[in-house]
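The values are calculated or read from the model by the stated rules, or taken from the named source; none is laboratory data. Not measured: the values here are computed from a predicted model. Reconstructed Cβ throughout: ideal geometry from the backbone, glycine too, with neighbour counts over all protein chains shown.
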Amino acid sequence: MSKKEKLDQLNAIMSCCNNCALRKGCSKVVPGDGNPEAEIMFIGEAPGKKEDELGIPFVGAAGKFLDEMLASINLKRENIYIANVVKCRPPENRDPLPEEVETCWPWLEKQIEIIDPKLIITLGRHSLGRFFPLMKISEVHGKAFRRNFPVIGNRVFYALYHPAAALYNGSMRETLIKDFGRIPKVLEKIKTS
């Protein structure tokens, strides 16, 4: 079975998930989107209003900004895979609760296992916190880390601020653009090491 077929199968199962209260309040489960063969996987926090309507991650204002940043390093959505820590929209766009993140974790693990990206880019503190609970995004943004996990194995992560945060904070926008610009060098280093 190809990676695409495996992801399609996983997404179909995921869309029927009722393991936490988030599913009751959302329109659609938002599994992920992009290239199953991607070298880079972006992981955000949770679907927003627009994502909930369309069932696709990062299609609102933050998604448009993400697309601009991808273009700045000669990438398109078709080149990457993007998912969220939780697959259903929290009410009123609140932060996902720890138990909601924990409930969705096996889905994300399986996505990473299937895609097998060379680089995982965490977008924001909730995504970073899922993999590195003691790190603060303000201290580690623009840095790469390696960590071994039982199911997904030895992975390289790169921490970025969430694009939505940069939409509301001009100085953070410049920082995010600068950090984003380093992605090709980080990926090249992974490939040559």
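Summary of computed values
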{"item": "Matching entry among 152, 121 (being more than 26 Å from residue 50 (Cα to Cα), out of contact with any Lys or Arg (no Cβ under 8 Å at 6 or more places or on another chain) and surrounded by 13 or more Cβ atoms within 10 Å (Cβ to Cβ))", "result": "152"}
{"item": "Failed item, numbered, when residue 165 is tested on (1) within 16 Å of the chain's Cα centre (by Cα); (2) under 26 Å from residue 192 (Cβ atoms); (3) at pLDDT below 95", "result": "(2)"}
{"item": "Number of positions in the stretch 88-118 that are among the basic types (Lys, Arg), under 21 Å from residue 165 (Cβ atoms) and either surrounded by 14 or more Cβ atoms within 10 Å (Cβ to Cβ) or modelled with pLDDT of 95 or more (or both)", "result": "1"}
{"item": "Failed criterion for residue 16 (all others in (1) over 22 Å from residue 78 (Cβ atoms); (2) in a helix (DSSP H, G or I) hold)", "result": "(2)"}
{"item": "Tally, over the stretch 15-26, of residues that are loosely packed, with under 14 Cβ neighbours inside 10 Å and without any contact (Cβ under 8 Å) to a residue 60 or more places away in the chain", "result": "3"}
{"item": "Any pair with Cβ under 8 angstrom, 6 or more apart, that starts in the stretch 27-43 at a residue that is in contact (Cβ under 8 Å) with a residue 12 or more places away in the chain and ends at one that is among the polar types (S, T, N, Q) and in a strand (DSSP E or B)", "result": "30/84; 32/84; 43/84; 43/122"}
{"item": "Residue 79 being more than 17 Å from residue 127 (Cβ to Cβ) and either at pLDDT below 95 or in contact with a strand residue (DSSP E or B) (Cβ under 8 Å, 6 or more places away or on another chain) (or both)", "result": "yes"}
